[in-house]
Amino acid sequence: MEYITIKDEFIKLGQALKLAGLVESGVDAKIVIQNGEVLVNGEVDERRGKKLYPGDVFEFEGNKVEVRK
């Protein structure tokens, strides 16, 4: 499992994918999220603006990333 650290209360899913280096751009993030390729806490989430808080885990192409404060 990998980790990303945030300074604010939350991070949006699209931003988290970019921060973790799993996508190149916001456009790429939007596409993979809308295609149902991203899991949040084990479930498909198609909302790019989904707020992730410390302790949440998202997954894309077998890469699991936990959000930390």
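Read the figures in this text as sums done on the coordinates, not as results from a lab. Since the model is a prediction, treat every value here as computed from it, not as a measurement. Reconstructed Cβ throughout: ideal geometry from the backbone, glycine too, with neighbour counts over all protein chains shown.
Observations
- Charge dipole (Cα centre; +1 on Lys/Arg Cβ, -1 on Asp/Glu Cβ; no other charges) of the chain amounts to roughly 320 debye.
- Put simply, the amide H of L52, placed in the peptide plane, has neighbours under 5 Å in I11, K12, L13, leaving out anything fewer than 5 places away on its chain.
- Residues Y3 and E43, FRET efficiency given R0 of 25 Å [Cβ-Cβ distance, rounded to 0.05]: 0.80
- Net length available on complete extension from E66 to I31 is 10.5 nm, with 0.36 nm assigned per residue and the Cα-Cα distance removed.
- Each of the GluC sites (Glu not before Pro) that DSSP puts in a loop and that has at most 10 other Cβ atoms within 10 Å breaks the chain; the longest unbroken stretch is 25-60.
- The local environment of L17, defined by Cβ-Cβ distances under 14 Å, has a net charge of -2 under the rule Lys, Arg +1 and Asp, Glu -1.
- ³J(HN,Hα) computed for each position of segment 45-62 - Karplus, 6.51 cos²θ - 1.76 cosθ + 1.60, integer Hz, glycine/proline x: 9, 9, 9, 4, x, 3, 7, 10, 10, x, x, 6, 10, 10, 9, 8, 6, x
- Rounded to whole numbers, the Karplus 3J(HN,Hα) couplings from phi for segment 17-24 are 4, 5, 4, 6, x, 8, 9, 7 Hz, using 6.51 cos²θ - 1.76 cosθ + 1.60 with θ = phi - 60°, and x at Gly and Pro.
- Amide H contacts of K64 (H built 1.01 Å from N, under 5 Å, at least 5 apart or other chain): E2
- Percent breakdown of C-alpha pair distances by 5 Å bin, ordered from the shortest bin, for the chain: 4, 20, 36, 27, 12, 1
- Of all DSSP bridge pairs formed entirely within the chain, close to 75 percent run antiparallel.
- Entry note, the chain: the mean residue ellipticity at 222 nm calculated from DSSP H runs of n ≥ 4, each adding -39500 (n - 2.57), is -6000 deg cm²/dmol after division by the residues and rounding to the nearest 500.
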